[in-house]
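First up is the structure itself, then whatever we jot down about it.
The values are calculated or read from the model by the stated rules, or taken from the named source; none is laboratory data. Keep in mind that this is a model prediction, so the values were computed, not measured. A quick note on method: Cβ atoms are made from the backbone with ideal geometry, for glycine too, and the neighbour counts reach across all protein chains shown. With ligands, DNA and RNA removed, areas are computed over all heavy atoms of the protein, side chains included. Shrake-Rupley method; radii C 1.70, N 1.55, O 1.52, S 1.80 Å.
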Amino acid sequence: MTPAPSVILFTVLSGMGFGLLAFLGAGFVQPVGWVAFFHWGLGYALAVGGLSAATFHLGNPQRALRAFTQWQTSWLSREAWASVVTLLLLAPVALSDWLGLGWPRVTGLIGAVACFGTVFTTSMIYAQIAAVPRWNNWTVPVMFLSFELTGGALLAGQVWPALIGGIALILALYAHKTKGDVAFAKRGQTLGKATGLDQVGSATVFEQPHTSPNYLMREMIYVVARKHVARLWPIAFGAAAILPAGMVVLLPHHLLTFAMAAVIHLTGAAASRWLFFAQAEHVVGLYYGQR
Amino acid sequence: MTQLPTHTDKKLGLVIDLDTCVGCQACVTACKGWNDQGYGAELSDQNPYGAEPSGTFLNRVHSYQVQPDIGAAQIINFPRSCLHCEDAPCVTVCPTGASYKRTEDGIVLVNEDACIGCGLCAWACPYGARELDQAAGVMKKCTLCVDRIYNENLPEEDREPACVRTCPTNARHFGDFADPDSKVSKLVAERGGYDLMPDLKTKPTNKYLPPRKKDIPQEASLLAPLLDIQATGFAGWLDKVLGKLG
């Protein structure tokens, strides 16, 4: 699958934003006044910024509101609802923290849980697609939620959650990589099987149906930069999980430590998300003799 | 609604005969021709006369070389379009309700006025049946020529999908799979029509007929009887002498 920058930005930023909002909502940090404004503001900016980045790749974004209608079957529609409900649930707590109103934090706790629910719906948009075997398994939601936990903990300046998140992330990335690497082969689809021509003999592409790439090939067959895969995986593991977790445990617990760790984590998250798309192979590629 | 109907009254779809398809691409052209002028947004082209022409098509014809265990390799042409699946994954993923499957005849359609062009349905389709039009920003797919098959302004023989109507070798057939006595149902039963990627559990309506078994080609040369002529008389003597000299 082609790693579109808008979708990488959307999933990485909104995941981290909802992570921070979860820690703020649950009261792990309870900033007051303008510190609260900037802390909550950062969470909202990342979450909303990420969500709006996702609308950049729409063909007709002016109709985006219609995406709220099909929550009964569509994970994308459920995500739209989950994100709006979560942001609304947390709003009174954010206001209360900023203006010192002392309102009850109950909606904050519910909102914190909803933050993880929202990222779960995001992950299911990908995990539900049977036509992309690498995505079609439980490691995708686990990985997305681990990213949320780690990113949120780093931005909220939480040492132990960041360490637990980092360890969870290493395991989740490892599970996603190892399970994903064999997923396509395990599905057992080949050109011969996809066309049914294996009952005649061994099939190869004789001639493509069109002379230059079409939408399908541009969107779902991405072979250009897979050569960087071997180099990017260590970066993903190191920058997203190992380095930030190590930094917050070993270095002094200073704002700068957490800020640097968060930036490094963000780089690793982007690398990992790029791999998430670039390595995912869609079965339609079989018809073109490419994956 | 993106909830799939539990039952459709008819199951309209296509049978594609891989034995007779010659890969002429007439169905591709007829499809684009018809669907470019009536139903929904037009099928745009990008850079049509440039170095990398690209455009939206609802039907693509692949060409494969298949090497059987015995005998010569065969070229098999393989048209690929929407299969109008019973359990269409493209429909349920749609966030806006633009994608739907009709209860009356099972045709999978897109309401372009509700489509936001997110492309998720194209990802969900294992068969590459959906293409996002780059000019209109809405998803395009085979409509089974819904604006032809019920169109009483057309002569009766034209009330079938454009691809079927135009096929010069009768490699494409249109009909109702819910009726066991229909032409398409009988063809599937007689010729062993099959589903594409059945393990993905999409339950496609369209079926493909496998190429018929080919005769085993003769190994011996057709000229063999001629080469075996024994020369007689003077020619025979010459043959013997020259054979000895050689």
Discussion item. Considering only residues that are more than 23 Å from A:W75 (Cα to Cα), buried (at least 24 other Cβ atoms within 10 Å of the Cβ) and of a type in the set (V, I, T), which ones fall in region A:140-175?
Written reply: A:T150
Practice prompt. Among the candidates B:E52, B:E104, single out the residue that is more than 24 Å from B:K207 (Cα to Cα), of a type in the set (D, E) and in a loop (DSSP other than H, G, I, E, B).
Written response: B:E52
Worksheet item: Taking the stated definitions as given, is A:G117 within 17 Å of A:G19 (Cβ to Cβ) and buried (at least 24 other Cβ atoms within 10 Å of the Cβ)?
Response: no
Worksheet entry | Where a residue in region A:192-214 is at the interface with another protein chain (Cβ under 7 Å from one of its Cβ atoms) and in contact (Cβ under 8 Å) with a residue 40 or more places away in the chain and its partner, wherever it lies, is part of a loop (DSSP other than H, G, I, E, B) and open to solvent by 50 Å² or more (accessible area, probe 1.4 Å), with Cβ under 7 Å and at least six apart | A:T204/A:G289; A:V205/A:G289
Fill in: Residues of region B:147-178 satisfying the condition of being over 18 Å from the mean Cα position of the chain (by Cα) and open to solvent by less than 60 Å² (accessible area, probe 1.4 Å)
B:D147, B:R148, B:I149, B:N151, B:L154, B:D158, B:A178
Practice prompt. Report, by residue number, each residue of region B:69-91 that is of a type outside the set (A, V, I, L, M) and surrounded by fewer than 16 Cβ atoms within 10 Å (Cβ to Cβ).
Written response: B:D69, B:G71, B:D87
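Of everything in region A:221-251, what is of a type in the set (V, I, T) and either exposed (fewer than 14 other Cβ atoms within 10 Å of the Cβ) or out of contact with any Gly (no Cβ under 6 Å at 6 or more places or on another chain) (or both)? Give them in sequence order.
Residues of region A:221-251 that are of a type in the set (V, I, T), as a first pass: A:221, A:223-224, A:229, A:235, A:242, A:248-249.
Across region A:221-251, the qualifying residues are A:V223, A:V224, A:V229, A:I235, A:I242, A:V248, A:V249.
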Worksheet item: Is region B:56-67 home to any residue that is over 19 Å from the mean Cα position of the chain (by Cα) and part of a loop (DSSP other than H, G, I, E, B)?
Response: no
Worksheet item: Only one of these conditions is not met by A:L171: (1) touching a helix residue (DSSP H, G or I) at 6+ places or on another chain (Cβ under 7 Å); (2) at pLDDT 95 or above; (3) not charged (D, E, K, R). Which number is it?
Response: (1)
Worksheet entry | Residue under evaluation B:G38, criteria (1) more than 9 Å from chain A (Cβ to nearest Cβ); (2) modelled with pLDDT of 95 or more, criterion not met | (2)
Fill in: Enumeration of residues in region B:191-230 that are open to solvent by 70 Å² or more (accessible area, probe 1.4 Å) and of a type in the set (K, R)
B:K201, B:K203, B:R212, B:K213, B:K214
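So, A:Y215, is that one touching a Ser or Thr at 6+ places or on another chain (Cβ under 6 Å) and aromatic (F, W, Y) or not? It would help to see each step written out before you state the result.
Details: touching a Ser or Thr at 6+ places or on another chain (Cβ under 6 Å): no; aromatic (F, W, Y): yes.
Against the criterion (touching a Ser or Thr at 6+ places or on another chain (Cβ under 6 Å) and aromatic (F, W, Y)), A:Y215 does not qualify.
Filtering region B:41-55 down to residues that are within 7 Å of chain A (Cβ to nearest Cβ) and touching a strand residue (DSSP E or B) at 6+ places or on another chain (Cβ under 8 Å), which residue is least open to solvent (accessible area, probe 1.4 Å)?
Our first condition is that a residue be within 7 Å of chain A (Cβ to nearest Cβ); within region B:41-55, this holds for B:52-54.
Going one step further and asking which of them are touching a strand residue (DSSP E or B) at 6+ places or on another chain (Cβ under 8 Å), we end up with B:53-54.
Working: B:P53: 43, B:S54: 18 Å².
By that ranking, first place goes to B:S54.
Let's see how each residue does on (1) over 30 Å from A:V284 (Cα atoms); (2) buried (at least 22 other Cβ atoms within 10 Å of the Cβ):
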{"position": "A:A4", "(1), (2)": "no, no"}
{"position": "A:I8", "(1), (2)": "no, no"}
{"position": "A:V12", "(1), (2)": "no, yes"}
{"position": "A:G27", "(1), (2)": "yes, no"}
{"position": "A:W34", "(1), (2)": "yes, no"}
{"position": "A:Y44", "(1), (2)": "yes, no"}
Discussion item. One residue is enough: does region B:81-91 have a residue meeting the conditions at the interface with chain A (Cβ under 7 Å from one of its Cβ atoms), closer than 23 Å to A:T195 by Cβ and modelled with pLDDT of 95 or more?
Written reply: yes
Item to complete: State whether one or more residues within region B:19-32 are under 22 Å from B:G193 (Cβ atoms), in a strand (DSSP E or B) and more than 8 Å from every other protein chain (Cβ to nearest Cβ).
Response: no
